[in-house]
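Down below is the structure, laid out as structure tokens.
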Amino acid sequence: MALIDLYNTDIKNKNKEKRELEFNLNLKKIKPSGIRKLFDLAQGQKDLISFGIGEPDFITPAHIREAAKKALDQGYTRYTPNLGFPEFRQALANKLKIKNSISVTPEEVVVTSGGTEALFFSFYTLINPGDEVIIPDPGFVVYESQVNFTGGKPVHFPLRGENNFHPEVNELKSYIIPKTRAILINSPSNPTGAVFTEEELLAIANIAREKDLFVISDELYEDIIYNGRKHISIASLPGMKERTISIFGFSKSYAMTGWRLGYLVAPVNLVKEIAKLLQNTSVCANSITQKAGLAAIEGPQDCVQEMLLAYSERRNVLVQGLNEIKGLSCYAPEGTFYAFVNIKNTGMTAEELSIYLLERCKVVTVPGTAFGTQGEGYIRLSFATSLEDIKEGIRRIKRGIENIVAVSE
Ligand SMILES: Cc1ncc(COP(=O)(O)O)c(C=O)c1O
């Protein structure tokens, strides 16, 4: 290469580096997801059993799909009002009143393109740069990234294995400083499967009232809950509606991940701000999807129960199978379709074990550390997959783990 070409290439690279340095600093804080790493390693491999993906393996129920086809034929192909079709917001308000004991008007309901967008709108509306938001650790990966987007500071509140990942509410208090703006709670919880009790929610509500904080309550898994436990919405507790943004979705309850539909409930003054975000970003949730969502909410709920029954059977098979493997122990999740498995006796870190299971056993799992430092010593297995795959997966994990445990003895 001629000297002049070398010089030009050097200048080009320097300019590129300079341009990249000028990209949004909040975005630069976002680390690549620990889940992605495993999925990248799994790419192109054949004969894998996957416990990785956090989405139902069911197709959306037929009556919901039919409603979407009908909406398309009827020409619902235009923008909808920013906050959603009025009849849909009304139906959601009715559902919230009956099922969640949150007494709201449609004006307090915002339809969004998924729970993820609802979370983003919540953080963006509440947080000023430098404000702190308490998020669970381990917790859904999006919370930390989204708080960072706003210039706020995510503060990890540890949920510990010895408490089956239930919150130590007295400890929570020690994380609150004058800059704390909100506490995020997620029950039923991804990745741990914990369902917070009424006492725990009452205690968190007391703290929020006492310290004048907002609560963002992620209730995506409200329908996936086992053994007669009850899902309680924190906004239904005394004095909480005015300081809570509750987030719900269709992805998990109705197997509608690809449709992108969710909703949030918030005080009207917050809804007014969120409307500005909608007007200037996604404008509105997809019109056909909203019509499908209306059919989901107003139609028969047997489909939700049928899926729950299937998850329940898979949960029992998976938990029993895992507990029979020397070196592993698994507390039966109280909700969600995730098992958070204690792997401490294998002598490996979570990431080492996930990589080992993928490379040697062709089983995809997610290291607990993808969800925060408290996830060390755990791997997450999603059982939103067939019973046959679960049984084969257990066989493979058993063989793989027995090899390690035998070597370390
Ligand atoms: C805890 C939790 N909250 C929110 C979401 C977002 O779901 P969606 O954007 O599909 O509604 C997920 C998805 O996995 C989740 O696990």
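Computed from the coordinates by the stated procedures, all read-outs in this text should not be read as laboratory data. Nothing here was measured: the structure is a model prediction, and the numbers come from that model. Positions of Cβ are generated from backbone atoms using ideal geometry, with glycine treated the same way; all protein chains shown enter the neighbour counts.
Couple of notes before you dig in:
- Seen through its C-alpha gyration tensor, with square-root eigenvalues sorted a ≥ b ≥ c, region 27-138 comes out oblate because a/c lies at 1.5 or above while a/b is not bigger than b/c.
- Loop-located GluC sites (Glu not before Pro) in region 102-156 (DSSP state not H, G, I, E or B) with no more than 13 neighbouring Cβ atoms inside 10 Å do not occur.
- Potential extension, R395-A332 segment - 0.36 nm per residue separation minus Cα distance: 20.8 nm
- Cα→Cβ-extended label distance, 7 Å offset, between D47 and N170, nm: 5.4
- In loop segments of region 119-203 as defined by DSSP, the trypsin sites (Lys or Arg not before Pro) with at most 15 further C-beta atoms inside 10 Å of their C-beta are R160, K179.
- When each of the peptides 83-95, 228-240, 370-382 is scored by how many other beta carbons lie within 10 Å of its residues on average, the order from highest to lowest is 370-382, 83-95, 228-240.
- Cα-based shape type of the chain, given that a ≥ b ≥ c are square roots of the gyration tensor eigenvalues and the cut on a/c is 1.5: rounded
- For the pair R65 and D10, label points projected 7 Å from Cα toward Cβ lie 6.2 nm apart.
- Each of Y124, A67, T281 was placed along the dipole of the chain (beta-carbon charges, centred on the mean Cα), and the one lying farthest toward the positive end is T281.
- Taking 0.36 nm per residue of sequence separation and removing the Cα-Cα distance, the I177/E359 pair yields an extension gain of 61.0 nm.
- Relative packing of peptides 56-66, 213-223 - highest average C-beta neighbours within 10 Å first: 213-223, 56-66
- The chain: calculated mean residue ellipticity at 222 nm from DSSP helix runs of at least 4, using -39500 (n - 2.57): -13500 deg cm²/dmol
- Once both labels are positioned 7 Å from their Cα atoms along Cα-to-Cβ, the gap between D40 and D73 label points is 4.6 nm.
- Placing +1 on the Cβ of every Lys and Arg and -1 on the Cβ of every Asp and Glu, with no other charges, gives region 62-298 a dipole of roughly 620 debye about its Cα centre.
- Rounded to the nearest 20, the size of the Cβ-charge dipole of the chain about its Cα centre is 680 debye, with Lys and Arg at +1 and Asp and Glu at -1.
- Rel. contact order, % - alpha carbon contacts under 8 angstrom, at least six apart, the chain: 23
- In this structure, F23 and N316 have a Cβ-Cβ separation that, at R0 = 60 Å, corresponds to a calculated FRET efficiency of about 0.80.
- Rounded if a/c under 1.5, otherwise prolate or oblate - region 117-207, Cα gyration tensor axes: prolate
- Among P367, P167, P178, the largest mean-square fluctuation in a Gaussian network model of the chain, built with springs joining Cα atoms closer than 10 Å, belongs to P178.
- Here the ratio of the Cα radius of gyration of region 49-206 to 2.2 N^0.38 Å is 1.25.
- Length released on extending from Q305 to E87, taking residue separation times 0.36 nm less the Cα-Cα span: 76.0 nm
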